[in-house]
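Working notes, structure below.
The values are calculated or read from the model by the stated rules, or taken from the named source; none is laboratory data. Because the structure is a prediction, the values reported are computed rather than measured. When we count neighbours, we look across all protein chains shown, and the Cβ atoms used for this are built from the backbone with ideal geometry, even at glycine. Surface areas here come from the heavy atoms of the whole protein model, side chains and all, with no ligands, DNA or RNA. Shrake-Rupley method; radii C 1.70, N 1.55, O 1.52, S 1.80 Å.
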Amino acid sequence: MKKILLLIALTLCVLQGFSQHRGRGGYVNWMTIAVKGGAGTFMMLNQDLKNTEGFTLEAFSPSFCFGGRYGIVFGNYVGVSFEYLGGGFKQKFNFKEGNSTLNGNFNFGCTDMLALLRYTGDYGFYAEVGPKFTTIKKAKGPIDNIAEDKDVDYQFKDKLTSIAFGLGFMPYNGDRVQVSLGARASYGFKNMVEENQNPFDFVNPSITTETKQLNVQILLEVNYFFAKFGTANCGRHGIEFFK
């Protein structure tokens, strides 16, 4: 956590250098809040499972999120934001063995925290990138060859870290309110399965490769500029909240 806070502090210091150029109305920096939500698809990535005969991890398993965002925009283009989202994701699978077929899924409930660097162009298009920290609140799935949901929290790590990157545009870009629509992908570089555990033991008991995660979502966001601070044309400093 200390490393994360240090990274955020260094980022703010660097971005503050960009804010020497005047923004809208002579003020340099803007403070924003937003509500947002999204839906998309989640997929586990495991090479041993991919090579298992008769077994398929479905590429289109649902995921969703909703929550809020706080951001600071330096001038008109570069900003940082911090998001807190609640949601969940599912991994569907099917396993054909002889004349029988097992269809099942793993269900996860989670919260996400993101620290993002965003650049917005003159025409409302934006790009963002940053770390994503996921906390798994619950995990349910099959045990052995029974496709009934059971608690399988012990088989998965409760803390996941991934890199998130997104692109989008603003169909509405007002003076105080913005509506943005975009796509965001996050990829987890580390194994989401606990050491010495194999959630797919009933399919392949000899899995040795790590299980990574890919999550792709379409996001809708309503953003409100609620304050501005920095250097005004008259030379004064301070935070001014909009009424």
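Legend: calculated FRET efficiency, E53 to Y77, from the Cβ-Cβ distance at R0 = 45 Å, rounded to 0.05, equals 0.30. Carbon-plus-sulfur accessible fraction, region 72-157 (probe radius 1.4 Å, protein heavy atoms only): 53%.
Across region 98-114, rounded Karplus estimates of 3J(HN,Hα) from the backbone phi angles (6.51 cos²θ - 1.76 cosθ + 1.60, θ = phi - 60°) give x, 9, 10, 10, 9, 10, x, 7, 9, 10, 10, x, 7, 10, 10, 10, 10 Hz, Gly and Pro being marked x.
Take each peptide in 186-192, 99-105, count the other Cβ atoms within 10 Å of every residue, and average; sorted highest first, the result is 186-192, 99-105.
Taking amide H atoms as placed 1.01 Å from N in the peptide plane, the amide H of F226 lies under 5 Å from those of M31, T32, I33, each 5 or more residues away in sequence or on another chain. You can think of it this way: the chain between N94 and I143 has 16.2 nm of extra reach, that is 0.36 nm per residue less the Cα-Cα gap.
Taking a straight line from the alpha carbon of K36, these lysines sit under 25 Å away, with near neighbours fewer than eight places off in the same chain left out: K90, K132, K137, K138, K159, K228, K243. Which FRET efficiency value, to the nearest 0.05, is calculated for Y84 and T208 with the Förster distance at 30 angstrom and r the Cβ-Cβ distance? After rounding, the FRET efficiency stands at 0.25.
Calculated on the Cα set of region 116-235, radius of gyration then Dmax: 20.9, 72 Å. Per residue, the accessible area of region 83-123 comes to 50 Å² when a 1.4 Å probe rolls over the protein heavy atoms.
Amide H contacts under 5 Å for V152: A139, K140, G141, restricted to partners 5 or more places along the chain or on a different chain, H placed in the peptide plane at 1.01 Å from N.
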